[in-house]
Structure formats: C-alpha cells, structure tokens
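Reviewing the structure listed below.
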Amino acid sequence: MNFLRKKFEGSPAYARVVPFVIFVGLTSLQGLFGEDSCYWIYALKTAVGAWLIWEMRPFVEEMRWTLSWEAVAVGVAVCAVWVGLDGIYPRLAKLDEGWNPHRQFGQGSVAAWFYIVVRMGGSSIIVPPLEEVFYRSFVYRYLVKIDFRAMPLGRFHALSFCVTSIGFGLVHPDRWLAGILCGLAYQGLVVRKNRLGDAMTAHAITNFLLGIWVVWKGAWNFW
C-alpha cells in the first residue's frame, strides 16, 4: 500500500510504532467473536504482522536479524527464567487456561496442529521484530531524545533502561516479574552489541523454546 509506505518513509516514529499498535489492536480482538476467534484472529494477525514487517523493513534500518552466541545464551536463559519463576511470585492478573487448540478443535486434529504451527511461527518470527523495534529501539531511545535516531542503540541510559523494561514486564501482568527480567536481558543485549538483531534473535529463541515446552508438557497457560 503506497499510503502506508509513504507514511513509513516520512516518519521514523510512525514506521516503528504503527505496526506494533496494529498488531496489538488485532490481539485485543481475539476471543471477541466466539471462542474460535482466539485462533483465527491470531492467524490473521500473524499474516498482517508479516506484511507490516515487509512494508516497514526498508525504513527501519536496525531491524535486521543477527546471530551471536550472546543472543543464543540470552534466549535460552530467558525461557528458563520464564518457566522457572512461574508460580513463585504474585500475579497481577488472573491466569486463564490458555490457548489450547487440542481442546478447541479435537485432540490431534489437523486444525489443532495447524494453529499450533501458526502460533509457533507467529511468536518466533513475527512477534520479535515488531516488539523489539517498538520497545528496545523506539521507546528506549525516545525517552531520552525526541530525535531518537540520533541516539546510538549502544548508549546506556539507566532510567530509560529501567522504565522500558518495567513497561515491557507490566504488559505481561500474569508473569510481570519474568517479563521485567526479560526486558532487562533483551535491552542489555542491544546496548552491549549496539544493534537490535541479537535481541530479535534472542526473543525468537525464547518464544520458540517456550512453544516447544508448551506443546511437550501441555502447559497451555503459557500461551
């Protein structure tokens, strides 16, 4: 869409914020149109998210995947923390039964496995670029400088570092502490490497491993 590309090109903030807002907006619709809509809207938002990433990529120069040993280590560690800390601190929101396609569509059904694959792909490939660009690139720097692109990704700013990570954790109220630690780890990776790609990769590894854990253990409340 030429209109969207023109907006992305004309506003660095728009290119980093609007795709995330659209994705979150679609997330808020899950379940509003019947229980099945938790699943088909997730599939829809994953497709929309992929398209948004494609459209924004030319204008968000830092959104480039990077593989490093630090990214792998952080990704694995965050998954371990997310699972390991669960249930040992108070929650800020009620924990529901979670996203269980086997329950919804039948144990072992084609539909159930289709949505599991969609969820794994969406959380591992689509979510990391959108969230890392928004939180670790835009919000972290914008809190320090309105002209956020003038601030290097590798510059450490203690207040912004903490505020961004706490904000990230609080949007996961059922696992807020793990979310804060997660935010600190990913932001620390960005600052250490002076680039966003390692955090994107770490986030992808965390979400993929968590997905494997969910399916293997039937721990659907993590989804």
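Listed values, structure above:
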read-out: Hits in the range 1-35 - residues which are in a loop (DSSP other than H, G, I, E, B), in contact with a helix residue (DSSP H, G or I) (Cβ under 7 Å, 6 or more places away or on another chain) and not aliphatic (A, V, I, L, M); value: Q30, G31, E35
read-out: The one condition in (1) in contact with a Phe, Trp or Tyr (Cβ under 6 Å, 6 or more places away or on another chain); (2) at pLDDT below 95; (3) of a type in the set (D, E, K, R) that R16 fails to fulfil; value: (2)
read-out: Close pairs from the range 53-67: first farther than 20 Å from V139 by Cβ and outside any loop (DSSP other than H, G, I, E, B), partner of a type outside the set (A, V, I, L, M, F, W, C) and modelled with pLDDT of 95 or more, Cβ under 8 Å, at least 6 apart; value: E55/P19
read-out: Hey, F3 more than 20 Å from A204 (Cβ to Cβ), open to solvent by 30 Å² or more (accessible area, probe 1.4 Å), out of contact with any Asp or Glu (no Cβ under 8 Å at 6 or more places or on another chain) and at pLDDT below 95 or not; value: yes
read-out: Of all residues in the range 157-183 being open to solvent by 60 Å² or more (accessible area, probe 1.4 Å) and more than 19 Å from W223 (Cα to Cα), the one that is nearest to the chain's Cα centre (by Cα); value: I166
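The values are calculated or read from the model by the stated rules, or taken from the named source; none is laboratory data. Keep in mind it's a predicted model, so treat the numbers as computed, not measured. Cβ sites come from the backbone with ideal geometry, for glycine too, and all protein chains shown count toward neighbours. Only protein heavy atoms, including side chains, enter the accessible area calculation; ligands, DNA and RNA are left aside. Shrake-Rupley method; radii C 1.70, N 1.55, O 1.52, S 1.80 Å.
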